[in-house]
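Down below is the structure, laid out as structure tokens.
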Amino acid sequence: MIISDCHMHTTYSTDGHSDMESMINASIKKGLKSICFTEHNDHGAGFFEGGTFVVDTDEYYEGYVRLSEKYSEEIEVLFGIEIGLMEKEKAFFEDYVEKYPFDFVIGSSHTAGVYDPYFPEYYTRFDTTEEAYRYYFASELKRAELFECYDSYGHLDYALRYGPGKNSDFTYEKYADLLDPLLSAIIKKGKVIEINSSGFKAGMNGPNPAVSIIKRYRELGGLPPTIGSDAHETAFIAYEFEAVEQILRETGYNSYSIFRKRERAEIII
Ligand SMILES: [Zn+2]
Ligand SMILES: [Zn+2]
């Protein structure tokens with residue numbers, strides 16, 4: 001059984017809908033033993049509809065300390081962050097992750113180069129959706145080679161959520177020339193990948209990344225992934241975790257990873 005959810009947002013994030021205390025209470029109700037908040041810091045990515053996606057980390061930490069202590073008898077609450085990887089922000093984030101006592105840092109590519117695959121215009125830059133996805137994976141590869149200051153690579157095939165047709169034409173083989181070196185770079189640096197269950201609700205019929213990517217990651221020697229729902233509201237905490245447990249087993253894992261004080265531990269399923 002998966003008893004930890006290590007990717008969650010609250011109203012401290014620009015797009016969070018439930019406050020931290022509601023998220024903690026809902027997690028206890030769901031039977032989780034450990035959760036990690038991972039608010040957004042997309043420093044340098046610019047202004048989007050709704051705000052800048054840069055958490056006020058001091059305010060976030062204050063709230064975290066107060067509530068993690070209040071509920072410490074009932075659940076372990078960890079202090080994490082989801083940073084938006086961009087080449088030009090490397091120095092900023094190296095400094096930033098040392099400035100706060102984070103338990104866990106997710107590195108995510110919410111952009112490809114300087115473009116945002118969340119918006120339909122991203123795909124119109126390319127002749128085919130395949131090219132648009134290739135550009136995204138190539139950008140992730142560059143970042144996996146460049147960045148050290150994270151623990152788990154978030155939702156590795158994120159762009160597939162938003163492209164025309166989503167993941168319907170996706171096969172590992174089509175992108176293996178980019179995905180193999182991407183996974184190898186992550187593994188070589190001692191990092192892990194995340195299984196992000198929000199893909200199930202994004203109409204992908206599976207997590208991010210796709211099961212074929214997780215399988216290959218395992219073949220290449222990848223350590224047990226971290227698991228997160230990426231819930232932005234209480235309803236999606238631990239979303240489809242039974243399916244994720246099944247995927248872990250199918251891909252040859254009997255445990256998953258969690259991070260405390262940036263140190264990896266394994267929890268048997
Ligand atoms: Zn994300
Ligand atoms: Zn997230």
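The values are calculated or read from the model by the stated rules, or taken from the named source; none is laboratory data. Remember, it's a predicted structure, so these values are computed and weren't measured experimentally. Reconstructed Cβ throughout: ideal geometry from the backbone, glycine too, with neighbour counts over all protein chains shown. Keep in mind that these areas ignore ligands, DNA and RNA; they rest on the heavy atoms of the full protein, side chains included. Shrake-Rupley method; radii C 1.70, N 1.55, O 1.52, S 1.80 Å.
In segment 169-189, is there at least one residue being touching a Pro at 6+ places or on another chain (Cβ under 7 Å) and more than 16 Å from ligand 2 (Cβ to nearest atom)? Scanning segment 169-189 turns up no residue that is touching a Pro at 6+ places or on another chain (Cβ under 7 Å) and more than 16 Å from ligand 2 (Cβ to nearest atom). Scanning segment 63-76 for any residue that is under 23 Å from S197 (Cβ atoms), open to solvent by 10 Å² or more (accessible area, probe 1.4 Å) and touching a Lys or Arg at 6+ places or on another chain (Cβ under 8 Å) turns up at least one such residue.
Selection of segment 182-202 for residues being within 25 Å of L32 (Cα to Cα) and not acidic (D, E) yields K191, V192, I193, I195, N196, S197, S198, G199, F200, K201, A202. The residues on offer are T171, T129, T124, and the sole one that is of a type in the set (V, I, T) and surrounded by 16 or more Cβ atoms within 10 Å (Cβ to Cβ) is T129. Of the residues making up segment 61-92, those that are of a type in the set (D, E) and in a helix (DSSP H, G or I) are E62, E69, E87, E89. Annotation note: of T111, T129, the sole residue that is within 13 Å of ligand 1 (Cβ to nearest atom) and within 23 Å of D180 (Cβ to Cβ) is T111. If the condition is being touching a strand residue (DSSP E or B) at 6+ places or on another chain (Cβ under 7 Å) and either outside any loop (DSSP other than H, G, I, E, B) or farther than 28 Å from A265 by Cβ (or both), then segment 47-56 contributes F53, V54. Whether a residue is within 13 Å of ligand 1 (Cβ to nearest atom), open to solvent by 10 Å² or more (accessible area, probe 1.4 Å) and of a type in the set (D, E) was assessed, and D116 passes this test.
Residues to consider are G51, G80, G63, G84; find the one that is at positive phi and not aliphatic (A, V, I, L, M).
So the residue among G51, G80, G63, G84 that is at positive phi and not aliphatic (A, V, I, L, M) is G51.
Of I2, I24, all but one fail to be over 15 Å from the mean Cα position of the chain (by Cα), under 23 Å from R260 (Cβ atoms) and surrounded by 24 or more Cβ atoms within 10 Å (Cβ to Cβ); the exception is I24. Residues of segment 212-260 that are within 16 Å of ligand 1 (Cβ to nearest atom) and not hydrophobic (A, V, I, L, M, F, W, C): P225, T226, G228, S229, D230, H232, E233, Y239. Of the candidates F119, F126, the single residue that is at negative phi and out of contact with any helix residue (DSSP H, G or I) (no Cβ under 8 Å at 6 or more places or on another chain) is F119. Checking R143, R134 one by one, the residue that is open to solvent by 60 Å² or more (accessible area, probe 1.4 Å), away from ligand 2 (no atom under 16 Å from the Cβ) and out of contact with any His (no Cβ under 8 Å at 6 or more places or on another chain) is R134 and no other.
Between G107, G44, the distinction of being in a loop (DSSP other than H, G, I, E, B) and closer than 22 Å to D151 by Cβ belongs to G44 only.
On the given criteria, is L160 assigned to a helix (DSSP H, G or I) and within 16 Å of ligand 2 (Cβ to nearest atom)? So L160 fits the description; yes. All conditions but one from (1) assigned to a helix (DSSP H, G or I); (2) more than 16 Å from ligand 1 (Cβ to nearest atom); (3) not aromatic (F, W, Y) apply to S168; the one that does not is (1).
Among the residues of segment 3-18, is there at least one that is more than 12 Å from ligand 2 (Cβ to nearest atom), among the hydrophobic types (A, V, I, L, M, F, W, C) and free of Cβ contacts under 8 Å to residues at least 60 places away in the same chain? No, there is no match, as no residue in segment 3-18 is more than 12 Å from ligand 2 (Cβ to nearest atom), among the hydrophobic types (A, V, I, L, M, F, W, C) and free of Cβ contacts under 8 Å to residues at least 60 places away in the same chain.
Filter segment 1-37 for residues that are away from ligand 1 (no atom under 16 Å from the Cβ) and in a loop (DSSP other than H, G, I, E, B) and give the result.
Answer for segment 1-37, where residues must be away from ligand 1 (no atom under 16 Å from the Cβ) and in a loop (DSSP other than H, G, I, E, B): M1, I2, I3, T11, S18, D19, K30, G31, L32, K33.
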